[in-house]
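What follows is a set of notes on a single structure, which appears directly below.
The values are calculated or read from the model by the stated rules, or taken from the named source; none is laboratory data. Here the structure is a predicted model, which means the values were calculated and not measured. Neighbour counts run over all protein chains shown; Cβ positions are idealised from the backbone, glycine included. Quick note on the areas: whole protein, heavy atoms, side chains included, nothing else; ligands and nucleic acids left out. Shrake-Rupley method; radii C 1.70, N 1.55, O 1.52, S 1.80 Å.
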Amino acid sequence: MHTEHVQRAFSFVCLDCGYGWEGTYDLDITVDEHARITTDYRIDGRHIPSPLTSPQCPACERRKIRIMRPGRVALARLHET
């Protein structure tokens, strides 16, 4: 069994209320002896569900979310007038 520790960042935007946020996650990616891959997500050492499979808006709690590459929310905020 082999485990790799990496960090991944994502940007999210709620398609219902327009709220945008970003998150950086610590991932433990494990490949077992049968080549099955499992990924554990953590924030501040706490195990959390994958933010990619069932994201929820922290503002309105709805689940119609677009996931984007990191930095997209910060870039959009720079261009707000």
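Net charge around Tyr41, counting only other residues with Cβ within less than 9 Å of its Cβ (Lys, Arg = +1; Asp, Glu = -1)?
Within the 9 Å Cβ shell, the charges total -1.
Helix-derived [θ] at 222 nm for the chain: sum -39500 (n - 2.57) over DSSP H runs of at least 4, divide by residue count, nearest 500?
For the chain, the value works out to -2000 deg cm²/dmol.
When Lys and Arg each count +1 and Asp and Glu each count -1, what net charge do the other residues less than 15 Å away from Phe10, Cβ to Cβ, add up to?
Local net charge: +3.
Given Cα pairs under 8 Å that are at least 6 residues apart, what percent is the relative contact order of the chain?
Dividing the mean separation by the residue count of the chain yields 34 percent.
Only Lys, Arg, Asp and Glu count, each charged at its Cβ (+1, +1, -1, -1), so figure out the dipole size of the chain about its Cα centre, rounded to 20 debye.
Here the chain has a charge dipole of around 420 debye.
Taking only protein heavy atoms into account and a 1.4 Å probe, give the accessible area per residue of the chain in Å².
Accessible surface, normalised per residue, equals 74 Å².
Which of the chymotrypsin sites (Phe, Trp or Tyr not before Pro) across the chain are loop residues per DSSP, with 16 or fewer other Cβ within 10 Å?
Filter output for the chain: Tyr19.
Per residue of segment 44-59, in order, report the coupling 6.51 cos²θ - 1.76 cosθ + 1.60 (Karplus, θ = phi - 60°) as ³J(HN,Hα) in whole Hz, putting x for Gly and Pro.
For segment 44-59, the Karplus curve yields 6, x, 8, 6, 10, x, 4, x, 8, 8, 8, x, 9, 5, x, 8 Hz.
Please compute the alpha carbon radius of gyration of the chain, then divide it by the globular-protein estimate 2.2 N^0.38 Å. Two decimals is fine.
The value comes to 1.28.
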